[in-house]
Amino acid sequence: MTSDKSLTADQQHLVEQVQFNCDISDANHAGDYTLCIYLLKMREYYRWIHALDFNDQFDAEQMAQWLRAKEAAWDAVADQDYQPIRVKGDEFEPFDTQAINHKLNGDGLFYHAGIGQKAVSHFFIADLAQQSVQDGINISITGREYARDLTAPPALSTGREIIVRRESLQRMCWERYQEWNWSRLDNPMGTALSYYPFDEDIAEALRQMVATEQHTLVQHEKGEMQISLEFGAAWPEMMLNLLGSRAELLARSVRDHLADCLHTLPYLVRQDNPASIHFYFANLTYMRKELFPSAMQAYRDWVSENNAESLITLATQAAGHWRQVVTSILEIHRRRTENPGAEIIALVERSKF
């Protein structure tokens, strides 16, 4: 939890309530990560809590002491239920985000509570940077975060609302730059970063990058929402049955490919912003590239020929393919077979495009 002198006493109390629920969630789920991932996340969380600049160095002993204290604090709340949220004298259930944000209207703050991957509860409260409506979808962009969980995804969608967390997106962009800067390889990430002034002014480079990439995140979430409307509640129900398995990871990759072919890739081609196209392909995970080899070939064609036709063709053809794979995955789930995870793995691995 971070404090700010610009917050009123009531707002600071609200932040403390939200952070308490964040701590309960983390107490029950922080141990789900491998030790390496856990330590990386705690390092980033320490930076956020202490409002450190990306270039600031850590004191190893101070961080170790903080880590022990944080884990002790989690132990103390692990068995507690999520607490109601009191705002301006009224009490709300912690997941009643619409009512809480209505009560916060005019305060410049934005609250969110929801269920993320692996059925983990997430909470955060931040400055509200801007709001808009696109195609009947409410889009909220947040700024500085005052309370948050260990895991802070840069974007999410729920119902007819998309939320982009600029602070989390900035952190992600910084991590991509830092990882690339260790080796400075001539690769898609290096090409994407070259469009921004990282060598002259890292803060300005990050500002520009976030201003651009927040729109790409919106497009991916629009794709996710379209898929949800098309396939309904069957998908999240199935994912609950696959938690922690390779089948879950493969199914998520398939859905991400469909969302991007429906919205993200067509948007990037329309925008004709080379930096964003390079950044998109640089961020594809190993699993997603293995499942979608034609995507990387289309990217290489675009790089060599400077012709977006390959990307347009890719999105159009692949959308139909990945929609059929999603349909087939759900059919396996519907049949309630003896080993649906194994069937899904086999299906996806023979459905590369």
Inset, instruction - Test residue 46 against the stated conditions and say whether it is in the same structural domain as residue 86 (by TED's automatic domain parsing), of a type in the set (Phe, Trp, Tyr) and under 17 Å from residue 73 (Cα atoms). - result: yes
Inset, instruction - Take the residues in the stretch 219-261 that are under 19 Å from the mean Cα position of the chain (by Cα) and not in a helix (DSSP H, G or I), then tell me which one is surrounded by the most Cβ atoms within 10 Å (Cβ to Cβ). - result: 243
Inset, instruction - Identify, from the list 93, 145, the residue that is surrounded by fewer than 18 Cβ atoms within 10 Å (Cβ to Cβ) and acidic (Asp, Glu). - result: 93
Legend entry - Residues within the stretch 269-298 that are touching a Phe, Trp or Tyr at 6+ places or on another chain (Cβ under 6 Å) and buried (at least 21 other Cβ atoms within 10 Å of the Cβ), tallied: 2
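Looking at the stretch 129-172, which of its residues are without any contact (Cβ under 8 Å) to a residue 24 or more places away in the chain and part of a strand (DSSP E or B)?
130, 131, 132, 133, listed by residue number.
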Inset, instruction - Give me the pairs, please: first residue somewhere in the stretch 79-104 and touching a residue at least 12 places away in the same chain (Cβ under 8 Å), second residue anywhere and among the basic types (Lys, Arg) and in a loop (DSSP other than H, G, I, E, B), beta-carbon distance under 8 Å, and either six or more positions apart or on two chains. - result: 103/88
Inset, instruction - Mind listing just one residue for me: the one in the stretch 18-60 that is of a type in the set (S, T, N, Q) and surrounded by fewer than 18 Cβ atoms within 10 Å (Cβ to Cβ) and, of those, nearest to residue 94 (Cα to Cα)? - result: 28
Inset, instruction - Identify, by number, the condition in (1) outside any helix (DSSP H, G or I); (2) over 24 Å from the mean Cα position of the chain (by Cα); (3) under 26 Å from residue 178 (Cβ atoms) that residue 6 doesn't meet. - result: (3)
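Yes/no per residue for (1) farther than 20 Å from residue 207 by Cβ; (2) acidic (Asp, Glu):
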{"residue": "146", "(1), (2)": "yes, no"}
{"residue": "153", "(1), (2)": "yes, no"}
{"residue": "165", "(1), (2)": "no, no"}
{"residue": "168", "(1), (2)": "no, no"}
{"residue": "186", "(1), (2)": "yes, yes"}
Legend entry - Condition met for residue 110 (in contact (Cβ under 8 Å) with a residue 24 or more places away in the chain and either in contact with a helix residue (DSSP H, G or I) (Cβ under 6 Å, 6 or more places away or on another chain) or under 19 Å from residue 12 (Cα atoms) (or both)): yes
Inset, instruction - Kindly check whether there is at least one residue in the stretch 301-318 that is in a loop (DSSP other than H, G, I, E, B) and modelled with pLDDT of 95 or more. - result: no
Legend entry - Filter result for the condition that a residue is assigned by TED's automatic domain parsing to the domain that holds residue 14, modelled with pLDDT under 95 and among the acidic types (Asp, Glu), over 127, 56: 56
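The values are calculated or read from the model by the stated rules, or taken from the named source; none is laboratory data. Keep in mind it's a predicted model, so treat the numbers as computed, not measured. Note that we place each Cβ from the backbone using ideal geometry, even for glycine, and neighbour counts take in every protein chain shown.
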